[in-house]
Amino acid sequence: MRIRFKLLLAALVAFLAYLLVMFALWMPLQLQQARNDFVRNQDMILAAMESDLVRHLLAHDYAAMYSSLDQQLQRQQVSWRALSLHLANGRRLYPLFAEQDAVLPTPSTQLALEHPIALGGGRLHVCLFRLTGS
């Protein structure tokens, strides 16, 4: 074997070891960190919507609530695929009808986030956001 090939082989082995570390160890950690950041960001968005939603629910202003949720769903359409609002007893408030034609991502890429909301100081009932995003 020539010395040039031996030196090139050592560099190639070192490069392959570097790639193995990057793709086997570092990349899954970075993907998990990105997913955690995404979930935290979406939870902050839902928490910001909470006060507006509680005001509409306590006033029984469902038209304004639907308009607000439609607008938020339109704004977040890049990352949100579906948004639903349920009462503690399981009754769905938003959307009124299930969308049959909605194209949802596969379960492997789907992320469901739930954000509970307590109404009133006496905890009248709990609303639950179910957010499906990718």
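Derivation of every value follows stated rules applied to the coordinates shown; laboratory data play no part. Quick caveat, the model's predicted, so the values are computed rather than measured. All Cβ positions, even for glycine, are placed from backbone atoms using ideal geometry, and neighbour counts span all protein chains on display.
Below, the figures for the structure above:
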quantity	calculated
Pairwise FRET efficiency - Arg35 versus Ala88, Cβ, R0 = 22 Å, nearest 0.05	0.20
Computed label-point distance, nm, for sites Leu73 and Phe23 using a 7 Å Cα→Cβ extension	4.0
Estimated vicinal HN-Hα couplings, Hz - region 24-30 in sequence order (Karplus 6.51, -1.76, 1.60; Gly, Pro = x)	8, 10, 6, 5, x, 5, 5
